[in-house]
Amino acid sequence: MRSVTKRFGGVLALSDVSFDVPEGQVLGVIGPNGAGKTTLLNCISGVNRLDGGEVHFAGQRISGRRPYEVARLGIGRTFQIVKPFASMTVRENAAVGAVFGSAQARMATAAAFRYADEVLDLVGLAPKRSLPVGSLTVPDRKRLEVARALCTKPRLLLLDEVMSGLNAVEVDEALEMVRRVHSSGVTIMLIEHVMRVIVGVCAQAVVLHLGRVLVAGQPAEVLRDRRVVEAYLGERYASRHAVGGSG
Amino acid sequence: MASATRAGTRSGAVAEPSPLLEVRGLTAGFGAGPVLFGVDLSVREGQLLALIGANGAGKSTLLGVISGLVSPSSGRVRFAGQDITGAAPERIVALGLAHVPQGRRLFATMSVRKNLLLGAYRRKLGRADSELERVLGLFPQLKDKLGRDAGMLSGGEQQMVAIGRGLMARPRLLMMDEPSLGLAPIVVERVVEVAREINREGTSVLLVEQDVMIALEAADYAYVLENGRIALGGPAAELQDDTRIRAAYLGV
């Protein structure tokens, strides 16, 4: 991402945001509400058009392309508000991703279902593949959202708060799932409020605040950075507790 | 420590007065799953209580359940000796519990006066006039703006109208959800000062505030909400030095 800028009316949602997601990494994006995290995902996946800057993926410029084009180039994403096809089964929902996914996916029906089964196994939904999606619990709906994106065979997977609304045990299970997906060879960029997730799976964390990159680096260091403590808890708390220098 | 000692001397002979607001084992959420997991919280009469916690911790949902806007899946809410779990919001207001919502939620194309009077729609109009006097005493800068559309005021003034509208119901407990959101630092100080003034005049206050130190300096008692659970609770002055607050926000 190079100098990515996005405005909504008079509000600067993203301002001059630049960073790289190295192939093979899990990178976390955090930041207080309104920091611009989801807008950033929307700018990468083609949902929002940029007002400035560029996004490149695997050597190609992708900013300005449509969401389906970005998906075909190999970027899969999930949404915070999951919207599965309600009248279809878990397996059918996943297979949709394989039929209409990246150039590597785009499978015929039988192959799509076979691939959907593999992916459902990876995310831990295999035993429930024949159920209608309406009967799924919240954590399972989140898993299905990841499966649908994975079925497009992405090289880069964008996850938007897939842990929200999960309890501690479910977060642990979801963390395991992210690790399995990562070790299957997918690069991951995830947005998360649950800090345990950032520390648990991310090699790098980028903190957005008011549309700008505030700090980037190793998660454990980033979360101790004074500027991050200020952004989350206020300047006076940060100075009272004399938290360490600026990373 | 101090509170334990006080409770100790009182134990036996006289029972501790029951809290004005008592939340027990509250679990609630929306379609995406639970946001609150077994929350316990109480506000004593006369207290200024701060509720802090990171974004997404469940603060607004908790206020929504208390004021009847969100139905809990389990747990109880008691206010002024009555069970108000799942009661209609207007009944809860009539019992003396007012909610100043996040983002102010004023009627932008209605006058400031009408916005304020709406807060007193459960009351007799004659009473509302005297209540209006009281609110204008607290916010004198609104006096010459009563005829203006609320949407034309500055953010800080709009927040005063939102708080004033809550006060028009003459509540025993006023809940304020991030009243300083989006306001300039000097206005933030003023908003918190207003919360203290309201409290000094005898109204109990539950304040949700994003700036931790500002909240802890204003409040008597505070709770920290983390991922839908109460992570910490204690006298606000003691929590000022508690590094676990940072852990509740940032995990480290």
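The values are calculated or read from the model by the stated rules, or taken from the named source; none is laboratory data. Model, not experiment: these values are computed from the prediction. Here Cβ is always computed from backbone atoms with ideal geometry, including for glycine, and neighbour counts include all displayed protein chains.
Some notes on this structure:
- Considering residues of the stretch B:17-73 that are among the hydroxyl-bearing types (Ser, Thr, Tyr) and modelled with pLDDT of 95 or more only, the residue farthest from B:Ile92 (Cα to Cα): B:Ser42
- Test: residue in the stretch A:178-189 that is touching a strand residue (DSSP E or B) at 6+ places or on another chain (Cβ under 9 Å) and within 13 Å of another protein chain (Cβ to nearest Cβ): no
- Within the stretch B:184-214, tally of residues that are more than 19 Å from B:Leu62 (Cα to Cα) and not basic (Lys, Arg): 19
- Flag for B:Gly147 being surrounded by fewer than 18 Cβ atoms within 10 Å (Cβ to Cβ) and assigned to a loop (DSSP other than H, G, I, E, B): yes
- Checked against (1) touching a helix residue (DSSP H, G or I) at 6+ places or on another chain (Cβ under 6 Å); (2) more than 14 Å from every other protein chain (Cβ to nearest Cβ); (3) closer than 17 Å to A:Glu176 by Cβ, A:Leu159 passes all but condition (1).
- Within the set A:Val207, A:Val228, the sole residue that is in the same structural domain as A:Ser3 (by TED's automatic domain parsing) and assigned to a helix (DSSP H, G or I) turns out to be A:Val228.
- Criterion violated by A:Val213 - all others in (1) within 18 Å of A:Gly34 (Cα to Cα); (2) in a loop (DSSP other than H, G, I, E, B) satisfied: (2)
- Filter result (at pLDDT 95 or above and among the hydroxyl-bearing types (Ser, Thr, Tyr)) within the stretch A:16-38: A:Ser18
- Where B:Gly75 falls short, out of the listed (1) away from every other protein chain (no Cβ under 14 Å); (2) crowded, with 23+ Cβ neighbours inside 10 Å; (3) of a type outside the set (A, V, I, L, M, F, W, C): (2)
- When residues of the stretch B:219-238 are limited to those that are over 19 Å from B:Leu63 (Cα atoms) and within 13 Å of chain A (Cβ to nearest Cβ), the one surrounded by the most Cβ atoms within 10 Å (Cβ to Cβ): B:Ala236
- Condition check for B:Leu174: under 19 Å from B:Gly64 (Cα atoms) and assigned to a loop (DSSP other than H, G, I, E, B): no
- Only a single item in (1) free of Cβ contacts under 8 Å to residues at least 24 places away in the same chain; (2) within 14 Å of chain A (Cβ to nearest Cβ) is not met by B:Arg91, and it is number (2).
- Single condition B:Thr243 does not satisfy, out of (1) more than 10 Å from chain A (Cβ to nearest Cβ); (2) farther than 22 Å from B:Leu36 by Cα; (3) surrounded by fewer than 24 Cβ atoms within 10 Å (Cβ to Cβ); (4) among the hydroxyl-bearing types (Ser, Thr, Tyr): (1)
- Selection from the stretch A:19-75 of residues that are buried (at least 19 other Cβ atoms within 10 Å of the Cβ) and hydroxyl-bearing (Ser, Thr, Tyr): A:Thr39, A:Ser45, A:Ser63
- Entry remark, the stretch B:30-56: residues being crowded, with 16+ Cβ neighbours inside 10 Å, in a strand (DSSP E or B) and of a type outside the set (S, T, N, Q) number 13 in total.
- Qualifying residue in the stretch B:203-216 (condition: over 29 Å from A:Gly165 (Cα atoms) and at pLDDT below 95): no
- A:Val201 being assigned by TED's automatic domain parsing to the domain that holds A:Ile44, without any contact (Cβ under 8 Å) to a residue 40 or more places away in the chain and not charged (D, E, K, R): no
- In the set (1) outside any loop (DSSP other than H, G, I, E, B); (2) buried (at least 23 other Cβ atoms within 10 Å of the Cβ); (3) not small (Gly, Ala, Ser), A:Thr152 fails one condition alone, (1).
- Positions within the stretch B:62-104 being more than 22 Å from B:Val35 (Cα to Cα) and assigned to a loop (DSSP other than H, G, I, E, B), in sequence order: B:Ala80, B:Gly81, B:Leu95, B:Gly96, B:Arg104
- Strands (runs of 3 or more DSSP E) contained entirely in the stretch A:1-80, each with at least 1 residues that are on the phi < 0 side of the Ramachandran plot and without any contact (Cβ under 8 Å) to a residue 60 or more places away in the chain: A:2-8, A:11-17, A:52-54
- Taking the criterion of being of a type in the set (Asp, Glu) and assigned to a helix (DSSP H, G or I), the residues of the stretch B:179-204 that qualify are B:Glu189, B:Glu193, B:Glu197.
- Test: residue in the stretch B:187-202 that is farther than 11 Å from B:Ala98 by Cα, touching a residue at least 12 places away in the same chain (Cβ under 8 Å), within 14 Å of chain A (Cβ to nearest Cβ) and over 14 Å from the mean Cα position of the chain (by Cα): yes
- Of all residues in the stretch A:216-225 being closer than 17 Å to A:Leu27 by Cα and outside any helix (DSSP H, G or I), the one that is farthest from the other protein chains (Cβ to nearest Cβ): A:Ala216
- Residue that is modelled with the highest pLDDT [pool: residues in the stretch A:96-128 that are outside any helix (DSSP H, G or I) and within 21 Å of A:Leu175 (Cα to Cα)]: A:Leu125
- Checking B:Gln210 against (1) within 13 Å of another protein chain (Cβ to nearest Cβ); (2) crowded, with 18+ Cβ neighbours inside 10 Å; (3) in a helix (DSSP H, G or I), the condition it does not meet: (3)
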